[in-house]
Amino acid sequence: MKRSKGLLLVLLAVFAILLLAACGSTAVTPDPNAPKPSNSGGTGKALTLTGDPVAGKEIFDRTCATCHGSEGTGGVENSGAAEEVPELKPADEFYNADPAVFAANLDLFIEHGSKPEGDNPTLSMPAFGDDGTLTAQQIADVIAYVISLNKK
């Protein structure tokens, strides 16, 4: 009887741990129909943080506007590439009505960068997370700013 009771307690403890682990999971899956960067890797730590769109605008203006245009309006030529640098206002190809999925779609590119299609693109998306240019908090801030540009 004591052995059965002990086994039951162990099983309940294991079940409780597994249940808590599953509830604590914050993994968000990017939209499978959204574009993917040419560089591999999953979403980063930024998705577990709360971004500040005001701080994100400052970072965007310093780091992203040269290629994506002021306030993400795009239209920047990329000779040798199949297309212009993508606009982020609106960010139709990355947009998802679920802000968490929208954030995951953006995070993949900010974290890992991407080389655009084409013979010899002049511009490529840097891997701001992988190369340590931006911290996870700064990436979260930029994501919050881009999402704020796309309020529908």
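Derivation of every value follows stated rules applied to the coordinates shown; laboratory data play no part. Computed from a predicted structure; not experimentally measured. A quick note on method: Cβ atoms are made from the backbone with ideal geometry, for glycine too, and the neighbour counts reach across all protein chains shown.
The figures follow:
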| item | result |
| --- | --- |
| Selection from L149, A46, G113, by position along the positive dipole direction of the range 30-149 (Cβ) | A46 |
| Value of Rg to Rh for the range 30-149 (Rh from inverse mean 1/r over Cα pairs, i.e. Kirkwood) | 0.93 |
| Globularity ratio of the range 49-94, using Cα Rg and 2.2 N^0.38 Å | 1.24 |
| For S114, residues with placed amide H under 5 Å, excluding near neighbours | M125 |
